[in-house]
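The values are calculated or read from the model by the stated rules, or taken from the named source; none is laboratory data. Computed from a predicted structure; not experimentally measured. So basically every Cβ, Gly included, is an ideal-geometry build from the backbone, and we count neighbours across all protein chains shown.
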């Protein structure tokens, strides 16, 4: 075969498709905000993971000699307490670092619980339809009609204040989103040829659910899970602020805000730093979710 023929065939051949991970990163990295969110989340995870080594003090130990000590750059501040202390002499920086661990644990645990239950209910509603679907979806609609924070407060009021009950309440509040997304994706996927082919070859319902259909519904669930972490952190902080979530002396960001309410005017740092920690973390997860949506949704790819 001549060289000209080989070159013509090479020119006519379609270009090789890039690896899926490389293609995903190409679209994801085009969103600068998403990359910034990923960097911030990685940094927060590292700070939470190594809080035992980074924190200059224990988050629970009080010091009578340093009540409401300002940050180190203000008059009266000290590098021993870089971000100052609270009303009973606990180091703000140490409590923020340990609070990051607690808040991230809340967000991940709430999303894990709600996504497992939501995916199962969504698969059942999407596959069996009829009365089963009506019962599940009407129950989810009832949950969605109530304000999320108000519903979480009611659930915690019934179960009793505490971190575990607050996590369960927030998981119930965000559950309908995963059920609805899974059901919609299942209905769209079950009409496709590969599901019909699997049925013809004798695949059972469980295999169709978890092996054939569920992997193709993963993209919207991943995006919703990322956004759900930020919602869980916010709702848990709100419950902690109201005294219904993590209980003192736990260094949870919402609880830190609640403890600092009466000192807002004369010790700005006890309120500002926990609030900034919540703001930055929630914003980072939202930016990451937007980037994942752009990278995983074929309709948004340019």
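Some observations on this one:
- Which listed residue, of 53, 45, is under 25 Å from residue 287 (Cβ atoms) and either out of contact with any strand residue (DSSP E or B) (no Cβ under 9 Å at 6 or more places or on another chain) or at pLDDT 75 or above (or both): 45
- Conditions (1) more than 24 Å from the chain's Cα centre (by Cα); (2) modelled with pLDDT of 90 or more; (3) surrounded by 13 or more Cβ atoms within 10 Å (Cβ to Cβ): number failed by residue 63: (2)
- If you check 232, 258 for being assigned to a helix (DSSP H, G or I), within 20 Å of residue 91 (Cα to Cα) and either free of Cβ contacts under 8 Å to residues at least 40 places away in the same chain or within 10 Å of the chain's Cα centre (by Cα) (or both), only one passes: 258.
- Complete set of residues in the range 56-77 that are in contact with a helix residue (DSSP H, G or I) (Cβ under 8 Å, 6 or more places away or on another chain) and within 19 Å of residue 272 (Cα to Cα): 59, 68, 70, 71
- The set of residues in the range 156-174 that are surrounded by fewer than 22 Cβ atoms within 10 Å (Cβ to Cβ), touching a helix residue (DSSP H, G or I) at 6+ places or on another chain (Cβ under 8 Å) and farther than 21 Å from residue 250 by Cα contains only 172.
- Single residue of the range 224-249 satisfying the filter (surrounded by fewer than 18 Cβ atoms within 10 Å (Cβ to Cβ) and either closer than 26 Å to residue 52 by Cβ or in contact with a strand residue (DSSP E or B) (Cβ under 7 Å, 6 or more places away or on another chain) (or both)) that is modelled with the lowest pLDDT: 248
- Applying the condition of being without any contact (Cβ under 8 Å) to a residue 24 or more places away in the chain and assigned to a helix (DSSP H, G or I) to the range 263-302 and asking which residue is nearest to the chain's Cα centre (by Cα) yields 279.
- The set of residues in the range 196-223 being surrounded by 13 or more Cβ atoms within 10 Å (Cβ to Cβ), more than 29 Å from residue 289 (Cα to Cα) and touching a residue at least 12 places away in the same chain (Cβ under 8 Å) consists of 198 alone.
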